[in-house]
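> First the structure, then my questions, so here it is.
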Amino acid sequence: MDQFHLFPPQASSGASHVDWLFLALTLVSLFFVVLVFLPITFFAIKYRRGSSADRSHPSSGSNLLEAGWTLFPILLSVGLFIWGATTYYHMQRPPRDALQVQVVGKQWMWKLQHAEGKKEINELHLPLGRTVNLTLTSEDAIHSFFVPAFRVKQDAVPGRYANEWFRPTRLGEYHLFCAEYCGTNHSRMVGRVVVMEPAEYEDWLRTGETGQSVALEGQRQFRERGCSGCHEGSTTIHAPPLRGIYGKQVPLASGEVITADDQYLRDSILLPGKQISAGYDNVMPSYSGHISEAEIMQITAYLKSTSDQPSTKP
Ligand code: CUA
């Protein structure tokens, strides 16, 4: 017989933090349940109909008691809030050196691509001990990428990007679920996460169809889709040059200044009229419906790679 587990294994660096917080919340709730229900039971019996208990209600009061049961819950809930907020804040900020994996949810599967180019469906292979950052989005409904053993769950929302990061600390296979109802086959949108020895992972990356790295594939998209025609080198069309733009501040025609992040680049491809760069006309056609989320992520990865190296332009 399979062993019964109350909790999934703790297979990531953040798992124990989440479990301690969860345990604390459970204990606090339990404490107050007992605190309320024990007296209820006691009084229900003591003052039941027909009992000879004293019902004269002499008035009594205690400022100390009043102050105590006001202050104690306040301190307790503020403490829990700070604890929870710190944990959440930590989980929302991926470390810089993380391995990048792009994840696109669609009805009803997870499509993943590693930075080196390897693609997977409903499976995620990872090296033990390396921090991994997923960039998530969706092509249709809202999905949610849930790995119980890592204690991470993040919605993949169409039209926007989300991050989810973790550091696997145990070898093995773990469940992957879609944790947001997304239509008929939601319950079948499951898969597995495989944590391997780093050397084994390197071998795995090189087996089967490896393809080009995400950034190189993005560069190909950038050329084939004609982006480079207007956005690169000497061109007759007046369009903002994009080499090295990732992470830079971009002044907009509206007077705002915006950081060129994944979201901005995605919006500029699909909704080019939304945020016009200062000094340029709104002439770019929208690629909405002509390009997949995975391809947009590749183009973004390419533009990012041109920012990581020192610019070759004067
Ligand atoms: Cu995808 Cu539920």
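The values are calculated or read from the model by the stated rules, or taken from the named source; none is laboratory data. Just so it is clear, the model here is predicted, and its values are computed rather than measured. Here the Cβ positions follow ideal geometry from the backbone for every residue, glycine too, while neighbour counts run over all protein chains shown. We work out accessible area using only protein heavy atoms, side chains counted, and drop any ligands, DNA or RNA first. Shrake-Rupley method; radii C 1.70, N 1.55, O 1.52, S 1.80 Å.
> Got a number for carbon plus sulfur as a percent of the range 79-129's accessible area, 1.4 Å probe?
60
> Still on this structure: Looking at the square roots a ≥ b ≥ c of the eigenvalues of the Cα gyration tensor of the range 237-314, which shape do they give, rounded for a/c under 1.5, prolate if a/b is larger than b/c, or oblate?
Judged from the Cα gyration tensor, the range 237-314 comes out oblate (a/c at least 1.5, b/c at or above a/b).
> Any chance you could get the radius of gyration and Dmax over the Cα atoms of the range 182-314, in Å?
Taking only Cα atoms of the range 182-314, I get Rg and Dmax of 18.2, 55 Å.
> Given a 1.4 Å probe and heavy atoms of the protein chains only, how would you sort Val104, Val36, largest accessible area at the top?
I get Val36, Val104, largest accessible area first.
> Let me know the Kirkwood hydrodynamic radius for the range 141-212, please, with Cα pairs as the basis and the value in Å to one decimal.
It works out to 14.0 Å.
> How much accessible area per residue does the chain have, in Å², with a 1.4 Å probe?
61
> Given the options Pro94, Leu38, Trp83, identify the residue whose Cα lies farthest towards the positive end of the charge dipole of the range 28-117 (+1 on Cβ of Lys, Arg; -1 on Cβ of Asp, Glu).
Checked the options; the winner is Leu38.
> Helix 293-308 against the longest principal axis of the chain: what's the angle in degrees, Cα atoms only, rounded to the nearest 10?
70
> Another question about this same structure. Can you run the Rg to Rh ratio on the range 97-191? Use alpha carbon positions and the Kirkwood inverse-distance Rh.
Ratio value, two decimals: 0.93.
> Moving on. Taking 37 °C and 0.692 mPa s as the conditions, I'd like the Stokes-Einstein D for the range 136-260 in µm²/s, using the Kirkwood hydrodynamic radius from alpha carbon pairs.
177
> Now, a different point. Rounded to the nearest 500 deg cm²/dmol, what is the calculated helix-only ellipticity per residue at 222 nm for the chain, with -39500 (n - 2.57) per DSSP H run of length n ≥ 4?
When only DSSP H runs of four or more count, the value is -11500 deg cm²/dmol.
> Over the Cα atoms of the chain, compute the convex hull volume and normalise it per residue, giving Å³.
Output value, Cα hull per residue: 244 Å³.
> Helix 15-46 versus the longest principal axis of the chain: what angle, 0 to 90°, nearest 10, using Cα atoms?
So the helix axis and the longest Cα principal axis differ by about 30 degrees.
> Show the residues, 5+ positions off or on another chain, whose built amide H is closer than 5 Å to the amide H of Leu99.
Thr131, Val132, Asn133
> Can you give the longest stretch of the chain with no exposed loop site, where a site means chymotrypsin sites (Phe, Trp or Tyr not before Pro) in a DSSP loop (not H, G, I, E or B) with at most 15 other C-beta atoms within 10 Å?
Result, exposed sites excluded: 48-180.
> Can I ask one more? Got a number for carbon plus sulfur as a percent of the range 210-314's accessible area, 1.4 Å probe?
Working: 3060 of 5700 Å².
Exposed carbon and sulfur together represent 54 percent of the surface.
> At 37 °C and a viscosity of 0.692 mPa s, what translational diffusion coefficient does Stokes-Einstein give for the range 1-65, taking Rh as the Kirkwood radius over Cα pairs? Give it in µm²/s as a whole number.
So the translational diffusion coefficient is about 197 µm²/s.
> Counting other Cβ atoms within 10 Å of each Cβ, which trypsin sites (Lys or Arg not before Pro) in the range 222-282 have at most 11 and sit in a DSSP loop?
Hits after loop and neighbour filter: Lys248.
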